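First the structure, in the form of structure tokens, and then the observations on it.
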Amino acid sequence: SAVISQKPSRDICQRGTSLTIQCQVDSQVTMMFWYRQQPGQSLTLIATANQGSEATYESGFVIDKFPISRPNLTFSTLTVSNMSPEDSSIYLCSVGPQTGTSTGELFFGEGSRLTVL
Amino acid sequence: AQSVTQPDIHITVSEGASLELRCNYSYGATPYLFWYVQSPGQGLQLLLKYFSGDTLVQGIKGFEAEFKRSQSSFNLRKPSVHWSDAAEYFCAVGANDYKLSFGAGTTVTVRA
């Protein structure tokens, strides 16, 4: 299975600022996704991070608020822009199978817990 | 659109007793089904998955789940619960695009 490292693991941010979360995988993977888990809630898919092209956003999420990059098959970033207290959540990176395999499994990082004051 | 319902928000079970967590899904085709566990302050760990074949799936930590197409269910079971099983459990449904829809989760409390 893939090993996923997310940074930062947690942060406290001021309203109106932006924060970039990094996701590093120890092997090349076909798919990378970003999820949000609001306090006491389940996970919601924000977007699919596409290598070398614009991310594909789910309904209710827009690029201006959550710009995403994926420069290669092992790395992606999610930026939470112009933050408000409603953005306080855990943001999780997830990855699909390693290139050349097809397990159907998604693996998750440990998440980045953001608190916006 | 795919969706998942976990009817039980919170379950309390005694250590050593059996556990069953319910999951119902809505999906137009044959789904990929998953159970994940999330311990406090941790990420998600995959317990087991179902793609096709045998409808009774064995997972890690002594968990199993049974896919019942007629009932659109994928319930998770464990014969004897350990205190370390106290966590949040999420059922998820997806397809070969790897986009998952998660249920609301069930919190399991284990009492001594």
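The values are calculated or read from the model by the stated rules, or taken from the named source; none is laboratory data. The structure presented is a predicted model; accordingly, all values stated were derived computationally and were not measured. All Cβ positions, even for glycine, are placed from backbone atoms using ideal geometry, and neighbour counts span all protein chains on display. Surface accessibility is based on the protein's heavy atoms, side chains included, excluding ligands, DNA and RNA. Shrake-Rupley method; radii C 1.70, N 1.55, O 1.52, S 1.80 Å.
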Please indicate, with yes or no, whether at least one residue in region B:51-68 is surrounded by 16 or more Cβ atoms within 10 Å (Cβ to Cβ), away from every other protein chain (no Cβ under 14 Å), in contact with a Gly (Cβ under 8 Å, 6 or more places away or on another chain) and of a type outside the set (A, V, I, L, M, F, W, C). no
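Among the residues of region B:2-40, count how many are under 21 Å from B:Lys68 (Cβ atoms) and part of a loop (DSSP other than H, G, I, E, B).
Within region B:2-40, residues that are under 21 Å from B:Lys68 (Cβ atoms) and part of a loop (DSSP other than H, G, I, E, B) number 12.
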Which condition breaks for A:Phe61 when tested against (1) in contact with a Ser or Thr (Cβ under 7 Å, 6 or more places away or on another chain); (2) without any contact (Cβ under 8 Å) to a residue 24 or more places away in the chain? (1)
Looking at region B:16-24, is at least one residue within 15 Å of the chain's Cα centre (by Cα), within 14 Å of another protein chain (Cβ to nearest Cβ) and modelled with pLDDT under 95? no
Just wondering, is there one or more residues in region A:5-19 that are under 14 Å from A:Ser89 (Cα atoms) and among the aliphatic types (A, V, I, L, M)? yes
Given the criteria surrounded by 12 or more Cβ atoms within 10 Å (Cβ to Cβ), basic (Lys, Arg) and touching a Phe, Trp or Tyr at 6+ places or on another chain (Cβ under 7 Å), does A:Arg36 qualify? yes
Of the residues in region A:52-71, those that are open to solvent by less than 60 Å² (accessible area, probe 1.4 Å) and either over 17 Å from A:Tyr35 (Cα atoms) or among the aliphatic types (A, V, I, L, M) (or both) come to A:Ala55, A:Ile68
Cross-chain or 6+ apart pairs with Cβ under 6 Å, region A:27-43 first and on the phi < 0 side of the Ramachandran plot and touching a residue at least 12 places away in the same chain (Cβ under 8 Å), then of a type in the set (S, T, N, Q) and not in a strand (DSSP E or B): A:Gln28/A:Thr74; A:Gln28/A:Thr99; A:Thr30/A:Thr99
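On the basis of being touching a residue at least 12 places away in the same chain (Cβ under 8 Å), among the hydrophobic types (A, V, I, L, M, F, W, C) and under 17 Å from B:Gln45 (Cα atoms), does A:Leu114 make the cut?
no
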Would you pick out the residues in region A:94-116 that are among the hydrophobic types (A, V, I, L, M, F, W, C) and at pLDDT below 95? A:Val95, A:Leu106, A:Phe107, A:Phe108
Based on what the data block shows, is A:Asp64 in contact with a strand residue (DSSP E or B) (Cβ under 6 Å, 6 or more places away or on another chain) and modelled with pLDDT of 95 or more? no
Condition check for B:Gln38: within 10 Å of chain A (Cβ to nearest Cβ) and surrounded by 16 or more Cβ atoms within 10 Å (Cβ to Cβ): yes
What's the total number of residues in region B:49-101 that are in a strand (DSSP E or B) and in contact (Cβ under 8 Å) with a residue 24 or more places away in the chain? 18
